Amino acid sequence: MTSVPNVTLNNGVTMPQLGFGVFQVPDEETTAAVTSALEAGYRSIDTAAIYGNERGVGKAIAASGLHREELFVTTKLWNEDQGHDQTLAAFDTSLDRLGLDHVDLYLIHWPTPARDLYVETYKALEKILADGRARAIGVSNFQIPHLRRLLERTGITPAVNQVELHPGLQQTALRAFHAGHGIATEAWSPLAQGAVLGDEAIVRVAEAYGVTPAQVVLRWHLQTGNIVIPKSVTPDRIRQNLDVFGFALTDADMAALTGLDRGLRTGPDPDTLN
Ligand SMILES: NC(=O)c1ccc[n+]([C@@H]2O[C@H](COP(=O)([O-])OP(=O)(O)OC[C@H]3O[C@@H](n4cnc5c(N)ncnc54)[C@H](OP(=O)(O)O)[C@@H]3O)[C@@H](O)[C@H]2O)c1
């Protein structure tokens, strides 16, 4: 079984620090991938309405035989569904596709600042939380000004901000803001979709520990305090990415990875995606 530690979110709900992401996995392949992940020992699954694979996730969960309380399921509200009433309707649709009566974490996928709807959208998430249909609520891809505005205009501090974060894009200022406000940092594309796995420093550390570059990067995240959700459709890699609790990086090796920060954004810029 897995020895993944839990992170306690700001409302007391616990969330596994390492979970499984399914971005870019076609719905018809998602059930097999999530089944492999659950068999390997993952208990946290990260999907989104826009991924088109909530049904595939739901099928794997239903077939797993696991109790609902053993699982932590995250999904996200897509940009076009922002707005108070639209959000409530989109959430119902997501639950229906997942075949669940609640999610563990519901996130606003992007702030889309030009739409200027994220405050009222978040108020709909607060209602979903109050109704017990999400155990925690949060945001994704929010920059500091977006978070400040939410904190000023709404009642509940987001439990999580899920952002692009890996050794090439370390989000130092944002992580410090999160720490100051009780917001957990969750790293998407924790492996930079493979773009950092050939970095010389990472390869050198991997060789020293007899592990893979991906395992070194995931270990760096865990020791930094990030929640991570690596994605793979490859059963060996699915298992490998969970097998990161048998070694620990030294301070010097942590520093070698921290030295790789270089503004490497592999996904969209949250200030301009609308
Ligand atoms: N909130 C957002 O806006 C947002 C945006 C992007 C992603 N996400 C979430 O974050 C999750 C992870 O991000 P991601 O999928 O973009 O990228 P990622 O997890 O950084 O990287 C996935 C890529 O790395 C490969 N890979 C996985 N494990 C590996 C290993 N041990 N060795 C070598 N290569 C490996 C995978 O290949 P194979 O699959 O072929 O094995 C895949 O091509 C997503 O699935 C999604 O849940 C959220």
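With a Förster radius of 45 Å applied to the C-beta separation of T93 and A179, the computed FRET efficiency comes to 0.85. For region 137-274, the Cβ-based charge dipole about the Cα centre amounts to some 340 debye (Lys, Arg positive; Asp, Glu negative; other atoms uncharged).
What is region 165-223 by shape, rounded, prolate or oblate, if you read a ≥ b ≥ c off the alpha carbon gyration tensor as root eigenvalues and call it rounded for a/c under 1.5, prolate for a/b larger than b/c, and oblate otherwise? Prolate shape, in that a/c is at least 1.5 and a/b is the bigger ratio.
Here the chain is treated as an ellipsoid with the same Cα gyration tensor; its semi-axes, largest first and in whole Å, are 28, 23, 16.
For the chain, give the share of DSSP beta bridges that are antiparallel, in percent and rounded to the nearest 5; count only bridges with both residues there. Intermediate results must be reported in sequence, preceding the final value.
Values: 4 of 28 bridges.
The antiparallel fraction comes to roughly 15 percent.
Just from its helices, what would the mean residue ellipticity at 222 nm be for the chain, if runs of 4 or more DSSP H residues each count -39500 (n - 2.57) and the sum is divided by every residue, rounded to the nearest 500 deg cm²/dmol? Walk me through the numbers before you get to the answer.
Details: 10 runs with 111 residues, N = 274.
That comes out to -12500 deg cm²/dmol.
Between A195 and T272, the modelled labels are 1.4 nm apart [label points 7 Å from Cα along Cα→Cβ].
Hey, got the dipole for the chain? About the Cα centre, +1 on K and R Cβ, -1 on D and E Cβ, debye to the nearest 20? All intermediate terms of the calculation are to be shown ahead of the outcome.
Working: 22 positive and 32 negative charges, 66 e Å.
I would put it at about 320 debye.
Rounded to the nearest whole Hz, the Karplus-based 3J(HN,Hα) values (6.51 cos²θ - 1.76 cosθ + 1.60, θ = phi - 60°) of region 135-152 follow the sequence 7, 8, 10, x, 9, 9, 6, 7, 8, 3, x, 5, 5, 4, 5, 4, 4, 6, with x at glycine and proline.
Every number here is computed from the coordinates shown, using simple stated rules; none is lab data. Small disclaimer: the values here were computed from a predicted structure and weren't measured. In this analysis, Cβ positions are derived from the backbone assuming ideal geometry, glycine residues included, and neighbour counts consider all displayed protein chains.
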